[in-house]
Structures are given as structure tokens and as C-alpha cells.
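One structure is given below, encoded as C-alpha cells.
The values are calculated or read from the model by the stated rules, or taken from the named source; none is laboratory data. Please read these numbers as outputs of a predicted model, since none were measured by experiment. Don't worry about glycine lacking a Cβ; one is built from the backbone with ideal geometry, like all the others, and counts go over all protein chains shown. Just so you know, the surface numbers come from the protein's heavy atoms only, side chains and all, with ligands and any DNA or RNA stripped out. Shrake-Rupley method; radii C 1.70, N 1.55, O 1.52, S 1.80 Å.
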Amino acid sequence: MDILFGLVASFLILLASVVRGQPLMYPLLGAIGLFSLIYLRQGYRLKAIAQFWWQGATRGWPVFSILLLIGGLISTWLAAGTVPALVYYGTELIQPRYFVLSAFVLTGLVSTLIGTSFGATGTIGLALMIMARSSGLDNLNLVAGAIIAGAYVGDRCSPLSSSAHLIATITHTPIYSNLKQMLLTAWGPLLLSLGIYGGLSMINPLEATAESIAPAIAAAFSLHWVTLLPALLVLGLAACRVEVKLTMGASLLLASALALSLQDYGLTDLLGFAVAGFHIDDPILQPMLRGGGLWPMAKVCVIVALSTGLAGMMASTQSLAIVEGWLHRLHHRRALFAGTIGVSLLSGAFGCSQTISILLTHQLTQQQYGQTPKDRHRLALDLENTSVVLSPLIPWNIAGLVPATVLMTGPGFIPYAVYLYLIPLWNLVWPRRLASRPAKTFKTAPHPQ
């Protein structure tokens, strides 16, 4: 009963924080404090509880360096003109008759290049939504659904995705092998999504020419083709399976050089962007061309540490043994995946974030999947096909709430984010068999991640 009370109270605290737009670290600290009191009441010593939290928190450490690199990389890509160029050329290529389809495809491409759903939504996604609003398009939820679904194409399978690295870390699997399997399990949902959005585009065309933000971008940045090189370098090195931190480091250095030379930023400006995140004074571009930075990403690292620590406390005290016992009865591959879907939805609703959903789902299902390399690959793939894509479909989960807020819409986008629920449905009906021999491993962090 104490554990149930703790779960309900923690859920309400997290939900209230999400609704009010407060940082997640505070309700997470509250949840950790509440469960610490519960475990003290159950007879655990404070030192043991602290050790449980520490053991859990240290599991997320290998991903911290990746997260910080991603923060620095995004800010330098913005300063170098890489992200502005992607937005500029993307919006220029749009055909009004296929606007909804273009929204899904362009956001998917940008999210794959920069590895973040929030970043893709806040750049190309926001630009597309501004175009949709200014054109008088009736169903803005349709556009928002296509944008958010596209944003999670890259969040799920980009070599720069923080969620992909987190899953690789906790499952002890190589990132590039995971990405290959994710692509193989997504081709069906991707083709179906393209067909659905293509049909919806013709039913809901852009009636008027939207006011373009392209002139503002062209005035603020030098859009020489070389600004795309940092993104192309990441794709090329990832295709060659170069170690991820080396890939991001090389791209960061190239983007820094372009920012200093081509965009005429000073070294002090660049260092400021790297630490605090990129910003621009232009009132038109400021809402969409901002982000990155070590300090904002350090806050994400704190949330990951608190989340993994809370998951470690629950695991060490066997607080969720009932759920684990229920999962232990699921032996068939399809039944186990269905159970993982259910657990990921519950953990995403409870934790209000994609990170907590990933960690709790992994914690509850890992014993049932097994510990062989093939089992760990299967668990990593199933986490990508459940927790990562289902969290945005929970209205109060920040994985969907933040992009919806950025796009100035609400939960009405959920029915139109078809790619997000086609992924688990497709893999439930047609589960993919993994090769019996595990793929050659490649280091991604001081890993496994």
C-alpha cells in the first residue's frame, strides 16, 4: 500500500509540474524524497537507500558526455548556418498541394540530421506551422501531428539521438547495430505514413501562399553550400561507423570554423553559444533558431541522473515486483512485446517524460528478455519501438507536450501522429527476427552504451 501511495503521489507531483511548465528535476527530487521515507518506514537504512540511488544514477553516466557533446554541436550548427540552411532550403522546396506530406518528410530529415525531436520541432517544425497558420489552413492539428511524427523519426534512429544513446547504454548494446535494426523495423510504418500523409495532403492543400521566412534567414546568415558540410560529415562518418564521440567532435570543430569564418562570429560569441546556447536578435528568427549549449544539456544530465537513481531505488527494493511477476508469465515473443507496450505506456504516464519511460520499462522487462547479446539487442529494439515513440502520445508527457506547446497546439495532434503508433502496431503484428549471431560491436561511449 505504501508503494502504491508513493506511485500515485509521485505521478500527481510530476503531472502538476508538467502542466505548470516547471523543470522536472524538482518533482523528481520530491519523488526520491517520498520513496526514501517509504523505504525508511519499511525498515531500510538511510545509507542503503542512498546506495540504491547511487547505483542507479551511475548507470546513466556514460551518456552524459554524449549529451554534452550534442548540446555543443547543436549550438555550433546554429551559429555555422547549418540548421538555418536546412530550414531555408526545406521551406523553399515545399509544394502547397503536398504540404502535410512535406511537413512530415522535412521534419523527419532535419531530426535525423540533428538527432533531437525538440530541436527539429523548434526549427523547421515551427517554420512550417507559421506557414500553415498564415495560409489559413483549417486543420492545424493535422500539420502538428505530421511535424511531431516526423520529429521522432530522427529521435528514434539518428546517430545523434540522446534517447538512442541512453538505450544503448542501459542495454549494453552497440549504437550502430541498434540503428540498423531500427531502420529495418520502420520501413513498413514509414511507407504507410508517407501514403497516409500524401492522401491527407491532397484533401487538405495549402490554399494560399504562406509568408515565407526564407528572406529573413538569407539576410541573417551566409547560406553557402559549405554550411551543410557539418551535417553531411556526421552522416558520412556514421555510415562508416566511426566512433560517435569522434564523429560529433569532428563536426563540432568544422561547424566552429564555419561560424568564425563564414558567419563572422567572434571567438567570444562562439564560446558563449557553446555554453549557454545559440540565440539571435532577429524577432522573426529568434523563436525558431535558438537552442543547444552545455548548460541546458547539463540540466538534462541532472534529470537523467535523478531518473536512473529513482529507477535504481525501485529495482533494489523490488517495489514493482508485481509487474515483473506478471511479465514473467509472458513467454511468446508477441505477448512479451505487447506487455512491453503496456509497461511503456504506464511508465510514460507515470514518469511524464520519455527518459523515465525508457528507464522504468527497461528495469521491469530486462529479466524477462534475458542477458545474451541477442536478448539485449531485442530489448534495445523493443524499447525504441515502444517507450521512445509512445511517450509523445501521452498528452501530459513532455515528449509530446513540449513540441505541441512550441507549435501552439494541443493534444488534438495525437490522432494525426500516425507514424508514432504505426511503429508498435507494425512490430506487434510482424515481429522481426534478429540474427542468431550478434553484430560486430562498436564503442559509442565509455561503454557499452
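Summary table below
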{"read-out": "Lone unmet requirement of (1) without any contact (Cβ under 8 Å) to a residue 40 or more places away in the chain; (2) touching a Pro at 6+ places or on another chain (Cβ under 8 Å); (3) small (Gly, Ala, Ser) for residue 255", "value": "(1)"}
{"read-out": "Leading residue by the ranking (nearest to the chain's Cα centre (by Cα)) among those in the stretch 362-393 that are open to solvent by less than 10 Å² (accessible area, probe 1.4 Å) and modelled with pLDDT under 90", "value": "362"}
{"read-out": "Some residue of the stretch 31-38 being open to solvent by 40 Å² or more (accessible area, probe 1.4 Å) and touching a residue at least 40 places away in the same chain (Cβ under 8 Å)", "value": "no"}
{"read-out": "Residues satisfying the stated conditions in the stretch 91-123, i.e. among the small types (Gly, Ala, Ser) and either farther than 15 Å from residue 152 by Cα or at pLDDT 90 or above (or both)", "value": "102, 103, 108"}
{"read-out": "Which numbered condition residue 173 misses (of (1) hydroxyl-bearing (Ser, Thr, Tyr); (2) open to solvent by less than 10 Å² (accessible area, probe 1.4 Å); (3) in contact with a Ser or Thr (Cβ under 7 Å, 6 or more places away or on another chain))", "value": "(3)"}
{"read-out": "Unique match (being in contact with a Leu (Cβ under 6 Å, 6 or more places away or on another chain) and farther than 30 Å from residue 62 by Cα) among 189, 205, 215", "value": "189"}
{"read-out": "Any chance residue 344 is at pLDDT 85 or above and either crowded, with 18+ Cβ neighbours inside 10 Å or not in a helix (DSSP H, G or I) (or both)", "value": "yes"}
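The rows are residues; the columns are (1) open to solvent by 50 Å² or more (accessible area, probe 1.4 Å); (2) at pLDDT 80 or above; (3) part of a helix (DSSP H, G or I); (4) on the phi > 0 side of the Ramachandran plot.
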| position | (1), (2), (3), (4) |
| --- | --- |
| 251 | no, yes, yes, no |
| 274 | no, yes, yes, no |
| 280 | no, yes, no, no |
| 314 | no, yes, yes, no |
| 322 | yes, no, yes, no |
| 337 | no, yes, yes, no |
| 348 | no, yes, yes, no |
| 355 | no, yes, yes, no |
